[in-house]
1. Taking segment 65-97 on its own, how many of its residues are touching a residue at least 24 places away in the same chain (Cβ under 8 Å), among the charged types (D, E, K, R) and out of contact with any strand residue (DSSP E or B) (no Cβ under 6 Å at 6 or more places or on another chain)?
2. Name the residues in segment 56-77 that are modelled with pLDDT under 90 and among the aliphatic types (A, V, I, L, M), would you?
3. Please go through segment 78-91 and give me each residue that is of a type outside the set (V, I, T), at pLDDT below 95 and more than 13 Å from the chain's Cα centre (by Cα), ordered by number.
4. Those residues that are open to solvent by less than 50 Å² (accessible area, probe 1.4 Å) and within 14 Å of the chain's Cα centre (by Cα), I need them from segment 18-51; list them, please.
5. Identify, from the list F5, F49, F55, the residue that is in contact (Cβ under 8 Å) with a residue 24 or more places away in the chain and in contact with a Ser or Thr (Cβ under 8 Å, 6 or more places away or on another chain).
6. Restricting to segment 3-17, what's the tally of residues that are open to solvent by 30 Å² or more (accessible area, probe 1.4 Å) and more than 17 Å from L91 (Cβ to Cβ)?
7. Could you list, in sequence order, all residues of segment 1-56 that are over 23 Å from N76 (Cα atoms), touching a strand residue (DSSP E or B) at 6+ places or on another chain (Cβ under 8 Å) and polar (S, T, N, Q)?
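The values are calculated or read from the model by the stated rules, or taken from the named source; none is laboratory data. This one's a predicted model, so the numbers in the text were calculated from it and none came from an experiment. All Cβ positions, even for glycine, are placed from backbone atoms using ideal geometry, and neighbour counts span all protein chains on display. Just so you know, the surface numbers come from the protein's heavy atoms only, side chains and all, with ligands and any DNA or RNA stripped out. Shrake-Rupley method; radii C 1.70, N 1.55, O 1.52, S 1.80 Å.
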Amino acid sequence: MIKFFLMVNKQGQTRLSRYYEHVEIHKRTMLEAEVIKNCLSRSKDQCSFIEYKDFKLVYRQYAALFVVVGINETENEMAVYELIHNFVEVLDKYFSRVVSETLNLLQSI
């Protein structure tokens, strides 16, 4: 089951967050900071799956944008990895060049 969905820029700023389980507001900020730190500190050669506390993180990087999904331990990491890619492709098709335009917009903020 998906616990949360984050879109984060390279500076570590959360651009979109969606939680599918109740998490208190002050815990969300701490959780996001730790998750972002873990994902941003990894090199491109490392695996995109991270075991973190009682769940797993699956992330993909698109230029300056990271898409991070928190899942429970029974979820298939590869399926979520593909879900992230399909989500970005749908946004790209629907909004026409959303990936490059979104990245340019996020970098300018």
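1. Total satisfying the criteria: 1.
2. Result: A63, A64, L65.
3. Passing the criteria: N86, E89, L91.
4. Y19, L31, E32, V35, I36, N38, C39, S48, I50 - these are the residues of segment 18-51 that are open to solvent by less than 50 Å² (accessible area, probe 1.4 Å) and within 14 Å of the chain's Cα centre (by Cα).
5. Result: F5 is the single residue among F5, F49, F55 that is in contact (Cβ under 8 Å) with a residue 24 or more places away in the chain and in contact with a Ser or Thr (Cβ under 8 Å, 6 or more places away or on another chain).
6. 5
7. N9, T14
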